[in-house]
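Student: Here you go, one structure.
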Amino acid sequence: MSSISTSAGTAPAAWDDLVAAALLGTERRTPPVAARPGQDAAAALLDAAALSTVRRRAGLRPAPARPGPDPAPEDPRPALPPAARSRLAMLLADRSSPGRSGPRSAPDLAELLPQWLALANQYGYRAPDALLPTLLDAARARTDLRPEALTLGGPRALWLARLNPDWKFALRGGPPGRGAAPASGPGGAAASDAEVRRQWEEGLFAERVSLLARTRHRDPAAGLALLSGTWSTERAEDRLMFLDSLRDDLAPSDEPFLEQALSDRSRNVRATAAELLAALPDSAFAARMAERSARCVSLPPDTGQITVDAPARCDSGMQRDGVVPKPPSGRGERSWWLSQLVEATPLARWSEWFGGLGADRIVALPVADGWKADLHAAWCRAAVRQRSAEWSRALLGTPGAPPAAAAWRDPAKLLSALPVAERAQWVADFIASHGLSDAFRLLGVCAVPWAEPLGSAVVDALDIARDAGSYPWSFSGVMGLAERCLDPAQADRLEVLTALPDEPEGAAPGAGGYWSEAFQRLVGTLRLRAVMRSELAGG
């Protein structure tokens, strides 16, 4: 090849000239090289290009190597048992399989993945390093997987996410640190205050949210000091997220900071600060709202009837305390302002003002001038916000009451404030009285797996619907919930329902086959969930 340039007696052809000849073709442009005897112009051009490529590469000075990434952080959590690791690989491999339309009897592995991740995180495991990329891909494709997937992935998932822009979602917001390793310094030692401060000031947003949550859980005052130090320089959307993260470890010592946040330039931040202050019954904010409510709602002596005089205007003090002056469409101003005052008032104050009556007696009192719906709706929101089981119980009433008897109630939210066992009992009694048609949202707030007698109530109601030949597809949502929430111990009891039933007269066409197939799938899913739990337990 060295004879190519010397045969012409000239310097080697320029690279740009070779490229131009190649693009135009040797028939339209003569290559700037001389061909050897018997060699055509195209072959000569290729030889010259090869020689020039070697010359160009050999003449380059090597550039300084870019620094490699920092080593992956340690994750001290235990590794998955071998069987559970294989199960995770199987679930991740199946995650992208499109669901088949219509009924089927095989368990839906894509729906089991969220359950598996939640259960693995309850055991405190870490994801296998080799499966982290696939786990991040799964979380990228399904937003519902992200909190549990990032918790299982822990600090190494965030480390990987920094190296691949496809996984940048993990850096925008992650779980509040439940699965992440605690902040640490070199060698895995506990991080110093200076190191924690550096991580807080220089970390990515998800890392800062996680660090704040961990620090607050360990030392609420130290976490609040971190946030206070940079509060004025944070973006409004970040201030909102940081403020909301105070909710889990809220303490009376947070009151001064939250009072300052009531004057924030962001309306959403102000509203969140007001909501958090309302959850502190001894705060000055709660006292101010209670004073306003006391002027509006009263129980005159000897009347036995609550009277309401809603605010005539929304003054600047009310607005500073988070009362939104403009009501939503279709809502009157005065009822809107009243509702905001009442829902921010500590519920214990009503018993003090109403002669020591309990929540059940207060809720039963008549309300003058058609204000009952507004007043009770505000009490419902206050009961949910303040997690008051007494008031939630009183406002829910009995499960046997007609579902539409009190349209102002939101039973699902009120149920969330009750103890787990009581919640399950209430929904079980509701299903026994009203069936499954109005129970879907109520089932969604019950703890998983469903405690007894709730599980039995759901199975009995499904059995009744099956025997009645009811239109089966209307229960597909409840069947899906049952697959995720029924105690796997119910599988043996459900086995008898997998048989193809005799279709009663007037039943929906094909209903029997659907019910049989749906129960087969339910039984198979429950048994697979039992196997998954055993694998994670190391059994």
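The values are calculated or read from the model by the stated rules, or taken from the named source; none is laboratory data. All values derive from a computational prediction rather than experimental measurement. In this analysis, Cβ positions are derived from the backbone assuming ideal geometry, glycine residues included, and neighbour counts consider all displayed protein chains. The accessibility values were calculated without ligands, DNA or RNA, using every heavy atom of the protein model including side chains. Shrake-Rupley method; radii C 1.70, N 1.55, O 1.52, S 1.80 Å.
Student: Can you confirm whether the stretch 332-349 contains a residue that is under 16 Å from residue 289 (Cβ atoms) and loosely packed, with under 14 Cβ neighbours inside 10 Å?
Tutor: Scanning the stretch 332-349, I find no residue that is under 16 Å from residue 289 (Cβ atoms) and loosely packed, with under 14 Cβ neighbours inside 10 Å, so the answer is no.
Student: Counting only residues that are part of a loop (DSSP other than H, G, I, E, B) and touching a Ser or Thr at 6+ places or on another chain (Cβ under 9 Å), which one in the stretch 13-44 is farthest from residue 55 (Cα to Cα)?
Tutor: Applying the filter and picking the extreme gives 40.
Student: What pairs come up if the first residue lies in the stretch 31-43 and is free of Cβ contacts under 8 Å to residues at least 60 places away in the same chain, the second is of a type in the set (S, T, N, Q), and their beta carbons are under 8 Å apart, counting only those six or more places apart or on different chains?
Tutor: Here the result reads 33/5; 34/7; 36/3; 36/7; 40/26; 41/26; 41/30; 42/26, each pair linking the stretch 31-43 to a residue that is of a type in the set (S, T, N, Q).
Student: Separate question: In the stretch 264-277, what count of residues is obtained for those that are among the polar types (S, T, N, Q) and open to solvent by 80 Å² or more (accessible area, probe 1.4 Å)?
Tutor: Within the stretch 264-277, the first condition is being among the polar types (S, T, N, Q), and the residues that meet it are 266, 268, 272.
Those left that are additionally open to solvent by 80 Å² or more (accessible area, probe 1.4 Å): 268.
Counting residues in the stretch 264-277 that are among the polar types (S, T, N, Q) and open to solvent by 80 Å² or more (accessible area, probe 1.4 Å) gives 1.
Student: Quick one: count up the residues across the stretch 122-150 that are closer than 20 Å to residue 538 by Cα, buried (at least 20 other Cβ atoms within 10 Å of the Cβ) and free of Cβ contacts under 8 Å to residues at least 60 places away in the same chain.
Tutor: Qualifying residue count for the region: 2.
Student: Next question, about the same structure. Just name the residue that is farthest from residue 336 (Cα to Cα) out of those in the stretch 359-377 that are under 36 Å from the mean Cα position of the chain (by Cα) and of a type in the set (Gly, Ala, Ser).
Tutor: Filtering the stretch 359-377 for residues that are under 36 Å from the mean Cα position of the chain (by Cα) and of a type in the set (Gly, Ala, Ser), the one farthest from residue 336 (Cα to Cα) comes out as 359.
Student: Is one or more of the residues making up the stretch 357-368 open to solvent by 40 Å² or more (accessible area, probe 1.4 Å) and in contact (Cβ under 8 Å) with a residue 60 or more places away in the chain?
Tutor: The first filter runs over the stretch 357-368 and keeps only residues open to solvent by 40 Å² or more (accessible area, probe 1.4 Å), leaving 360-361, 364, 366.
Right, trim to in contact (Cβ under 8 Å) with a residue 60 or more places away in the chain and you get 366.
Looking for residues that are open to solvent by 40 Å² or more (accessible area, probe 1.4 Å) and in contact (Cβ under 8 Å) with a residue 60 or more places away in the chain, one finds at least one in the stretch 357-368, hence yes.
Student: Looking at the stretch 323-337, I want the residues that are more than 13 Å from residue 313 (Cβ to Cβ) and have a partner that is in a loop (DSSP other than H, G, I, E, B) and not acidic (Asp, Glu) with Cβ atoms under 7 Å, at least 6 apart or on another chain. Which pairs are those?
Tutor: That search, which allows pairs on different chains as well, returns 335/310.
Student: Now for a different question. Pull up the stretch 244-263, narrow it to residues that are over 24 Å from the mean Cα position of the chain (by Cα) and buried (at least 19 other Cβ atoms within 10 Å of the Cβ), then point me to the one that is farthest from residue 225 (Cα to Cα).
Tutor: That would be 261.
Student: Does the stretch 337-356 hold any residues that are modelled with pLDDT of 95 or more and farther than 19 Å from residue 281 by Cα, and which are they?
Tutor: 337
Student: Using the structure shown, decide if residue 163 is open to solvent by 50 Å² or more (accessible area, probe 1.4 Å) and touching a residue at least 60 places away in the same chain (Cβ under 8 Å). Let's see the steps before the verdict.
Tutor: Working: open to solvent by 50 Å² or more (accessible area, probe 1.4 Å): yes; touching a residue at least 60 places away in the same chain (Cβ under 8 Å): yes.
Judged against the criteria, residue 163 is a match.
Student: If you don't mind, another one. Only one residue in 295, 288, 334 is more than 33 Å from the chain's Cα centre (by Cα), more than 23 Å from residue 369 (Cβ to Cβ), at pLDDT 95 or above and of a type outside the set (Asp, Glu). Which one?
Tutor: Among 295, 288, 334, only 288 is more than 33 Å from the chain's Cα centre (by Cα), more than 23 Å from residue 369 (Cβ to Cβ), at pLDDT 95 or above and of a type outside the set (Asp, Glu).
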